[in-house]
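Note sheet for the following structure.
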Amino acid sequence: VAMPEKTDDKMRAFAEQVFAADAKDESVRDEVSMFDVAEHCPIIHQEMAHHLHTDDDMEKRKRHQRVCTMGTTATKGAAAPVMTVQVETPTYLEVPDFQRVAVIGDYASGVTMDDFELACKGLYRALTIREKYMRLAYQRFPGTVSSYLRELEGDSFRPEDQVQPVFTPPPKNGEDPFDTKDFPPNLGYVARMKDGVIYVYNDAAAADKHQPKDLPCPDYDTFIDDMNFLIALIAQGPTKTYTHRRLKFLMSKFNVHEMLNEMEEMKELKVNPHRDFYNVRKVDTHIHAAACMNQKHLLRFIKRSYRVDADRVVHNLKGREVTMKELFESLNLHPYDLTVDSLDVHAGRQTFQRFDKFNAKYNPVGASELRDLYMKTENHIGGEYFATIIKEVASDLEDAKYQYAEPRLSIYGCNANEWSKLSSWFVRHRVYSPQLKWMIQVPRIYDIFRGRNFVPHFGRMLENIFLPVFQATIDPQSNPDLSIFLKHVTGFDSVDDESKHSGHMFSTKSPKPEEWDITKNPSYTYYIYYMYANIAVLNQLRKQRGMNTFMFRPHCGEAGAITHLLA
C-alpha cells in the first residue's frame, strides 16, 4: 500500500473547515464524532437500501477474496460436508483447552470495495503517523502493529528494532538512591531555545550560527499536515462506517469468546498458585501527590501534628509568622472537632465534569492555608509535612508489597527556579521509595501567568519548564539534586480543564511561542506540539548519555473537542 507523502489541497481545506468550526465552538459533533445509532433508525435503512442498490466492483471483490479467504477443505466420506479451516494461530492464542471461532470469507462485507480500500489506506497512514511520532520520542508503540505494518510494506519485522522508553532500575541492596558518583561527565554543550524548541549545540559559537547537533525534532509543517490528514480522516464517511462495523464485530467476537471459555478461564485462574487480585502487582498511574493519602490518613496526620507541633511557627499569615495553634484559631477551627466529612477532600459524583469543584477538594475544610501547610513542597517549613505524609503512604505500599504508585508533582513554568526547589525538597527529605516513581504535570495556565506579568511570552514558560532539564542532562554535576530527582521521574503530563475553548486554530500561520505575548491561552494542540517536540529532543540526548528517558502522557478526552484526542 503506497502511503501518500502529503495531504492533498482538497483534504487540507476540508480539515481546516472542520477545525475552524470546532475552534469557533460551533456544533460539529455529528460530523466528527464516532456515531452509533439505534437499529430502527430510518437513516440506517436508507443507507442499507443505498448499499444494496449501489453497483460494486465485483471483479475487484473476487480478486480480494482470492487473496484473503482462508483455505478450506471438505472431508470425504462424511454424511454431510465438514469444513476444516486452516488457521495460522499466533503464539498468544495457543491455549489448547479454549474453543475457537473462525470467521472466513469476505473481509470487506457490508461496505463497497472502493469504500473498503479508502478506509484501509487512511487507517494504514494513520498508524504509520502514530508509529513515526512514537519512535521519534522513544515512546511505546505495540510490536504487533509494527509487524503488520512492515508486512504491508513488504519488509520484515525485527523485535530489536522496537524503540522503548528507558527507566532507571531500582537500586541494588546497599546502594544509595541519592548517590551522585555515577553521573556522566559534563559535555560542555550549549542549550538554547529557538521557535519554542530547545536545541543542543557543541558550543556558543555553533549556537550563534544555529548549527545544532543531530537530534531530530518533529517538523512543524509535517505535524500540521499530519494533523490535517487525521482531521479529514475521522470526518470521512466510509472510514466511520468501516471502523464502526469493525469495532462492533470485535466486541461481538469477544462476547462469543467469553460465553464459550469463561469457565475454562476461571478454572485456569484457580489453579495458578500464589496469584489472585491481592498479590498481583498493581500500579496507580493516575494520582496527584497531594491526593495520594486517603482522607482518614490526612485527618490523623493533622491531629497528630497539632498535638506535637502546636507551638511551632509553621506559616506566614499576612506578613506575620504564626504558630500552628494560632493558624487554626484564625480559621476558627480545632483539630479535635475535625471529621472526615468536615475535611471535605473526597472527590465524589458532584465533581464530575466540574473542574472548579474538583480543584476546591484539595483545600482541607475549604482553607487554602491548610493546603499550603500540609500539601505543598514550598512553604514556611520547607514542605516537611507533605514529605512525611508521602513517606507514610510509601511505607504502607511497601508493607502491601504488590502495590506501586506514580504520584504527580507540578511544574508551572512560572520561573526557572521551580525545578531546583522541587528537587531540593525531594533530596533533603529523602522522599524515595522502591514503590514510587514520579510524574511531572504541567498545568495549561499561561494566560494567568501572562495576565500577572510573570512571563513575557509563551516561549519563556516553555524555557522555564525544559531548559533546566536539558542543562542537568548536559552537566549533571551542575545541579546534582535535580539530576538525582530526574532519575526517578517517568514522564510528563499536561493538565487543565479541557472544556475551556481557546478559539485558536493551530496552523502554519500560528505565531511562534516567543511571539505569543498576548494574555489569551494557546490551544490544547499548541501546548501538546511544543511539549512533545521538546521531550523528543530531550529523550534523544538522554538516550545518548545512557540516562532514563521520559514518557509523554497528557490528560486527554475528558471533555473538549475531538482534536484533543487527535493531537
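The values are calculated or read from the model by the stated rules, or taken from the named source; none is laboratory data. These numbers were taken from a predicted model, which means no experiment stands behind them. No Cβ is skipped: glycine too gets one built from the backbone with ideal geometry, and neighbour counts run over all protein chains shown. Each accessible area value is taken on the protein alone, full model and side chains, heavy atoms only, with ligands, DNA and RNA left out. Shrake-Rupley method; radii C 1.70, N 1.55, O 1.52, S 1.80 Å.
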* Structure fact -> Taking R0 as 56 Å and r as the Cβ-Cβ distance between Tyr278 and Arg192, the FRET efficiency 1/(1 + (r/R0)^6), rounded to the nearest 0.05, comes to 0.60
* HN-Hα J couplings of the range 278-293 from phi, Karplus 6.51/-1.76/1.60, θ = phi - 60°, integer Hz, Gly and Pro as x? -> 7, 10, 9, 6, 10, 10, 8, 9, 9, 8, 7, 4, 6, 10, 6, 8
* To do: Compute the distribution of all C-alpha to C-alpha distances in the range 390-473, in bins of 10 Å from 0, and list the percent of pairs in each, rounded to whole numbers.
  => 16, 39, 26, 16, 3
* Structure fact -> Over 21 Å (Cα to Cα) among Lys132/Lys194; Lys132/Lys500; Lys303/Lys391; Lys318/Lys376; Lys376/Lys520 -> Lys132/Lys194; Lys132/Lys500; Lys376/Lys520
* **Size of charge dipole - the range 373-462 - debye, nearest 20, with Cβ of Lys, Arg +1 and Asp, Glu -1, no other charges** => 400
* Asked: If you take all C-alpha pairs in the range 417-567, what percent of them are over 27 Å apart?
  -> 27
* Asked: Tell me, what is the FRET efficiency for Ser420 and Leu215 to the nearest 0.05, using R0 = 25 angstrom and their Cβ-Cβ distance as r?
  -> 0.55
* Which whole-number percentage describes the relative contact order of the range 234-324, with Cα contacts under 8 Å and a sequence gap of 6 or more? -> 11
* How do Ser330, Ser502 stack up against each other in accessible area, from largest to smallest, with a 1.4 angstrom probe? -> Ser330, Ser502
* To do: Over all alpha-carbon pairs of the range 361-503, lay out the pair-distance distribution in 5 Å bins, whole %, shortest bin first.
  => 2, 9, 15, 19, 21, 17, 10, 5, 2, 0
* To do: Using a 1.4 Å probe and ignoring any ligands, DNA or RNA, find the accessible area of Lys421 and quote it in Å² to the nearest 10.
  => 90
* Asked: On alpha-carbon atoms, Rg over Rh for the range 96-245 using Kirkwood Rh?
  -> 1.12
* For the range 433-519: Kirkwood Rh in Å [reciprocal of mean 1/r, alpha carbons] -> 15.3
* To do: Determine how many Å³ per residue the convex hull of the Cα atoms of the range 204-249 encloses.
  => 97
* To do: May I ask you to order 205-212, 504-511 by the average number of other C-beta atoms within 10 Å around their residues, highest value first?
  => 504-511, 205-212
* Structure fact -> The extension gain from Glu558 to Ile448, computed as 0.36 nm times the residue separation minus the Cα-Cα distance, is 37.4 nm
* Asked: Taking the highest mean first, how do the peptides 232-238, 251-257 order by number of other beta carbon atoms within 10 angstrom per residue?
  -> 232-238, 251-257
* Would you mind computing the Rg to Rh ratio of the range 158-197 from its alpha-carbon coordinates, Kirkwood style for Rh? => 1.13
